[in-house]
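As structure tokens, the structure follows; a few thoughts come after it.
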Amino acid sequence: MRNGNFEIQTNNDMATPGEKLAASLEILQNLQEKEGVIAIKSSNITRTHKERLIKNGFLKEVTKGWYIATNPKEKAGDSTSWYTSYWKFCSQYLKSKYNKEYCISAEQSILIHSGNNAVPHQLIVRASKASNTNVQLLHNTSIFALESPLPNIVNIIDTDGIRMLKLTSALIYCTPAMFTKNPTEMRTVLAHISDSSEILGHLLDGSHTIIAGRLAGAFRNVGQIRIADDIVKTMKSADYKIRETDPFENKTPITLSFRERSPYANRIKLMWNDFREIVINHFPEEPGLPKKKEKYLKSVDQIYLTDAYHSLSIERYKVSVGLIEKVRSGDWNIVENEDDRNQRDAMAARGYWQASQSVKESIKKILNGANPGTTVDQDHNNWYRELFAPSVTAGIIKASDLAGYRAHQVYISQSKHVPPNKDAVRDVMPMLFELLEAEDNPGVRAVLGHFIFVFIHPYMDGNGRMARFLMNVMLASGGYPWTVIPVEERDNYMSTLEKASVEGDIEPFTMFISNLVNESLKGNPVANLKTIR
């Protein structure tokens with residue numbers, strides 16, 4: 001290393017372009033793996049290596065003098081590398097700029113405490129040495145550094161490298177608008193406060209009577225009655241006048257669990273509670289369980305070819321109708337046919353066929369009166385194993401990949417939404433099935449079951465296909481026909497899921513699914529097979 005820059009000694013006169021690029025990539029690998037660097041400064045790497053990596057698509061400038069590693073296969077405008085690097089980049093960038101003399105805003109602190117790690121449009125940072133400047137980053141994101149004295153150091157914590165306010169302090173200093181603009185996140189964190197003492201200390205020391213009244217009403221809204229009463233009584237005992245108000249406009253009080261290990265379970269419950277009426281208002285009336293069960297199951301078989309083509313194509317598999325027919329007929333053979341064994345797309349098609357047969361068995365149970373939520377809870381891991389069993393048999397993925405829910409963090413291509421961490425998945429999946437079991441409206445089960453499954457992203461792969469299976473099983477529980485999401489609508493499909501995940505707006509996704517279900521009810525095929533041969 002020379003002057004803080006990694007160097008690899010090569011004979012530049014003799015090295016080929018490939019050898020030069022390999023040397024630059026080795027430096028980038030050293031930075032990432034040995035040094036743990038995500039936010040790459042100009043001083044981390046020499047100009048020659050930097051320019052070579054940028055030219056070949058392995059490095060991208062985020063802001064002047066700062067870079068991130070990228071995938072050269074990313075198309076122009078693809079945000080995946082940036083969104084997956086965002087929080088680690090910010091932690092390293094802010095540490096370099098301000099060391100420990102900064103913290104993010106109370107509002108952003110609350111979002112993170114609630115489990116909402118979505119990439120913000122603008123990250124507001126308080127720092128005593130800031131200059132009230134807005135630093136533009138990639139994909140229309142930015143950091144606004146606000147010149148401001150920091151709160152007492154005991155009120156700041158480090159979470160994954162980001163310095164943020166403790167929850168109790170964030171509740172004191174956040175704006176009243178947070179309760180109306182981000183009610184799900186606010187209610188989630190309020191349910192995570194187990195005792196009034198710490199927050200009362202802040203309220204009393206700062207003579208925060210208005211905030212005390214607002215927080216008392218907020219705690220009462222989520223069923224934290226004792227904390228609400230403690231705030232009111234204690235403030236009055238200290239001779240403060242307090243007027244309790246509920247800051248959640250038009251939000252019916254709800255009782256949440258106060259014993260969850262992570263905030264995600266309550267957040268899922270709140271989203272379900274807030275979204276279900278929107279789904280009910282827009283979803284077509286349910287036909288009811290079919291009297292002719294075999295006829296319904298036959299209709300599922302008849303639409304399989306169309307469904308498999310579109311569902312696999314949405315996931316970017318290059319699947320032909322001929323391949324799907326080959327798999328279904330049994331002509332596909334990984335033992336005797338090397339082409340079949342080595343073809344990734346064939347593995348996906350075979351897995352989809354096997355999984356669809358398992359899904360069909362779940363539908364049979366529901367048509368015979370089984371609870372839809374209980375059935376999916378019991379059967380969904382079977383669907384998943386069948387979906388990827390051919391890839392295991394062929395040696396494309398490890399057998400341990402079928403063990404169950406993911407053991408690592410996962411990111412969604414081009415999405416600002418960051419799914420729950422691996423530990424939280426074990427908390428939220430049981431909540432999803434509890435909600436499905438208790439829900440009496442099949443349209444709600446279908447739309448929210450699909451959305452929340454994707455929101456959680458419980459597996460390393462296959463989440464989209466599994467969510468569409470779940471949706472159609474729930475549609476079957478109301479007698480709705482199997483509904484295909486056409487690949488031609490992929491962008492619209494993804495954008496409505498993104499809007500629900502990041503902005504908390506479920507209406508576009510509800511309308512998207514409702515329109516497709518309406519067409520299915522009319523008997524209009526979503527895709528004519530002649531158009532996809």
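The values are calculated or read from the model by the stated rules, or taken from the named source; none is laboratory data. Model, not experiment: these values are computed from the prediction. Neighbour counts are summed over all protein chains in view; Cβ atoms, including those assigned to glycine, are modelled from backbone coordinates with ideal geometry.
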Considering region 462-481 alone, what residues qualify as being under 28 Å from D401 (Cβ atoms) and in contact with a Ser or Thr (Cβ under 9 Å, 6 or more places away or on another chain)?
-> G464, R465, R468, F469, M471, N472, V473
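Evaluate the following for T159: is it surrounded by 19 or more Cβ atoms within 10 Å (Cβ to Cβ) and under 23 Å from the mean Cα position of the chain (by Cα)?
For T159, the condition - surrounded by 19 or more Cβ atoms within 10 Å (Cβ to Cβ) and under 23 Å from the mean Cα position of the chain (by Cα) - is not met.
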Sole miss for I452 among (1) crowded, with 19+ Cβ neighbours inside 10 Å; (2) modelled with pLDDT of 95 or more; (3) farther than 26 Å from E498 by Cβ is condition (3)
Being modelled with pLDDT of 95 or more and assigned to a strand (DSSP E or B) is the filter; apply it to region 61-90 and report the residue that is surrounded by the most Cβ atoms within 10 Å (Cβ to Cβ).
-> Y67
Could you check, for region 154-164, whether at least one of its residues is touching a helix residue (DSSP H, G or I) at 6+ places or on another chain (Cβ under 6 Å), under 30 Å from G36 (Cβ atoms) and part of a loop (DSSP other than H, G, I, E, B)?
-> yes
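Can you say whether L123 is at negative phi, touching a residue at least 60 places away in the same chain (Cβ under 8 Å) and surrounded by 18 or more Cβ atoms within 10 Å (Cβ to Cβ), as far as the supplied structure shows?
It is false that L123 is at negative phi, touching a residue at least 60 places away in the same chain (Cβ under 8 Å) and surrounded by 18 or more Cβ atoms within 10 Å (Cβ to Cβ).
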Selection over region 256-309 where residues are part of a helix (DSSP H, G or I) and either surrounded by 21 or more Cβ atoms within 10 Å (Cβ to Cβ) or touching a His at 6+ places or on another chain (Cβ under 9 Å) (or both) yields a count of 14
Between a first residue in region 269-297 that is acidic (D, E) and a second residue that is surrounded by fewer than 18 Cβ atoms within 10 Å (Cβ to Cβ), which pairs have beta carbons less than 7 Å apart while being 6 or more apart in sequence or on different chains?
-> E286/G479
Scanning region 199-230 for residues that are more than 35 Å from the chain's Cα centre (by Cα) and hydrophobic (A, V, I, L, M, F, W, C), which turns out nearest to P253 (Cα to Cα)?
-> I210
Quick check: is even one residue across region 393-402 assigned to a helix (DSSP H, G or I), under 24 Å from the mean Cα position of the chain (by Cα) and hydroxyl-bearing (S, T, Y)?
-> yes
Only one of (1) out of contact with any helix residue (DSSP H, G or I) (no Cβ under 9 Å at 6 or more places or on another chain); (2) at pLDDT 95 or above fails for M474. Which number is that?
-> (1)
Expected output for region 495-511 (first residue free of Cβ contacts under 8 Å to residues at least 60 places away in the same chain, partner basic (K, R) and in a helix (DSSP H, G or I), Cβ below 6 Å, 6+ apart or cross-chain) is D505/K499; P508/K499
Just wondering, is there one or more residues in region 234-242 that are under 25 Å from I506 (Cα atoms), at pLDDT below 95 and of a type outside the set (G, A, S)?
-> no
Scope region 113-135; condition out of contact with any strand residue (DSSP E or B) (no Cβ under 6 Å at 6 or more places or on another chain) and within 27 Å of Q409 (Cα to Cα); matching residues | H113, S114, G115, N116, N117, A118, V119, P120, H121
If a residue has to be outside any helix (DSSP H, G or I) and more than 30 Å from H139 (Cβ to Cβ) to count, how many in region 406-441 make the cut?
-> 3
Might you let me know whether region 408-418 holds any residue that is out of contact with any strand residue (DSSP E or B) (no Cβ under 8 Å at 6 or more places or on another chain), aliphatic (A, V, I, L, M) and closer than 23 Å to D307 by Cα?
-> yes
Filter pass, A446 being of a type in the set (G, A, S), closer than 27 Å to Q354 by Cα and assigned to a loop (DSSP other than H, G, I, E, B) | no
For residues in region 491-514 being in contact with a His (Cβ under 9 Å, 6 or more places away or on another chain) and surrounded by fewer than 21 Cβ atoms within 10 Å (Cβ to Cβ), which is nearest to V359 (Cα to Cα)?
-> S514
Yes or no: L138 more than 20 Å from R163 (Cβ to Cβ), surrounded by 21 or more Cβ atoms within 10 Å (Cβ to Cβ) and in contact with a strand residue (DSSP E or B) (Cβ under 6 Å, 6 or more places away or on another chain)?
-> no
List every residue pair whose Cβ atoms sit under 9 Å apart, with the two residues 6 or more apart in sequence or on different chains, where the first one lies in region 472-483 and is under 7 Å from L289 (Cα atoms) and assigned by TED's automatic domain parsing to the domain that holds I366 and the second, anywhere, is modelled with pLDDT of 95 or more and hydroxyl-bearing (S, T, Y).
-> S477/T375; G479/Y296
I172, sole failed condition from (1) crowded, with 19+ Cβ neighbours inside 10 Å; (2) out of contact with any Leu (no Cβ under 9 Å at 6 or more places or on another chain); (3) of a type in the set (A, V, I, L, M, F, W, C) | (2)
Exception for S196 within (1) modelled with pLDDT under 95; (2) buried (at least 18 other Cβ atoms within 10 Å of the Cβ); (3) under 30 Å from the mean Cα position of the chain (by Cα) falls at (3)
